[in-house]
1. Please go through the range 36-107 and write out the GluC sites (Glu not before Pro) that DSSP classes as loop and that have at most 13 other C-beta atoms within 10 Å.
2. Evaluate the charge dipole of the range 1-133 about its Cα centre and quote only its size in Debye, nearest 20, assuming +1 on the Cβ of each Lys and Arg and -1 on the Cβ of each Asp and Glu.
3. Could you tell me the relative contact order of the chain? Use alpha-carbon pairs under 8 Å, at least six residues apart, and round to a whole percent.
4. Using a 7 Å offset from the Cα along the Cα-to-Cβ direction at both residue 107 and residue 23, what is the distance between the two label points in nm, to one decimal?
5. Taking every alpha carbon pair in the chain, what does the distance histogram look like in 10 angstrom bins from 0, in percent?
6. Multiply the residue separation of residue 129 and residue 164 by 0.36 nm, subtract the distance between their alpha-carbon atoms, and state the gained length in nm to one decimal.
7. Do you know the relative contact order of the range 71-163, to the nearest whole percent, from alpha carbon pairs under 8 angstrom that are 6+ apart?
8. Once the Cα atoms of helix 66-85 and of the chain are each reduced to a long axis, what angle between those two axes, in degrees from 0 to 90 to the nearest 10, is obtained?
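Rule-based calculations on the coordinates, nothing more; no lab input. What you see is a predicted model; the values in this text were computed from it and never measured. Ideal geometry is used to build each Cβ from the backbone, glycine not excepted, and the neighbour counts take in all protein chains shown.
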Amino acid sequence: MRYRGVIFDLDGVLCSTDRYHYLAWKQLADRLSIPFDETVNNRLRGVSRMASLEIILEKSPVAYSAQEKEALAAEKNETYRKLLGGMSRSDLAGGALETLRTLRGRSVLLAVGSSSRNAPFILEKIGLDGFFDAVVDGNAITRSKPDPQVFVLAAQRLSLPPAACLVVEDAHAGVEAAVNGGFDCAAMGDAKDDPRARYRLERLEDLTAI
Ligand code: BG6
Ligand code: MG
């Protein structure tokens with residue numbers, strides 16, 4: 001591999017928590033009588049919890065105070081955490097473990113760069129806590145993707161410059177964040193056809209051919 005480090009997004013790349021995000025936001029939106037569908041949901045990929053709420057509230061007939069918004073975000077997170085509670089190692093994306101092991105076998109450093117504050121919990125659930133050389137999540141950053149902060153911090157923790165790292169993303173906001181930070185990006189899933197990505201992955205295993 002031509003990169004010395006690979007920084008993985010978590011939701012939608014290493015596991016399919018994006019479905020749980022959708023279900024939890026949908027439950028809240030239905031209760032508030034706000035229209036919410038997959039098109040709106042796609043705009044939430046890679047975006048922080050509060051920024052996601054703001055996107056959902058664009059279609060709200062009612063205006064909410066900052067305090068009410070905190071409560072709404074907490075309500076969504078409670079629903080989401082209940083869904084996460086049922087996750088196990090079997091929710092790790094197909095081919096993920098083999099790909100991670102292959103890359104490590106080639107002395108590539110491995111990191112997670114996620115906007116999620118629930119990332120440590122999810123990594124524990126899918127059996128990857130303690131596996132990565134660095135984990136940077138929503139608790140460590142002040143600016144959400146498309147700001148590159150999460151990836152810049154992950155590269156720093158790997159002691160590598162951005163040019164030596166590849167970012168793996170499923171969100172347009174994440175591809176943009178990678179490019180903004182000076183990283184090459186391999187895109188998959190929802191972002192697969194993003195022209196800003198250097199590589200397109202049909203599946204995670206394709207990484208081992210880069
Ligand atoms: C990202 C997801 O990984 O984390 C977003 O793609 C989500 O959809 C964001 O909004 C924040 O997640 P959390 O777990 O902190 O609410
Ligand atoms: Mg993602």
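1. 58
2. The calculation lands at about 420 debye.
3. 27 percent.
4. It works out to 4.4 nm between the two label points.
5. Pairs per bin, as whole percents: 9, 36, 36, 15, 4, 0.
6. Stretched fully, the residue 129-residue 164 segment lengthens by 10.2 nm.
7. Numbers: 85 pairs, mean separation 23.5, N = 93.
Value for the range 71-163: 25 percent.
8. 60 degrees
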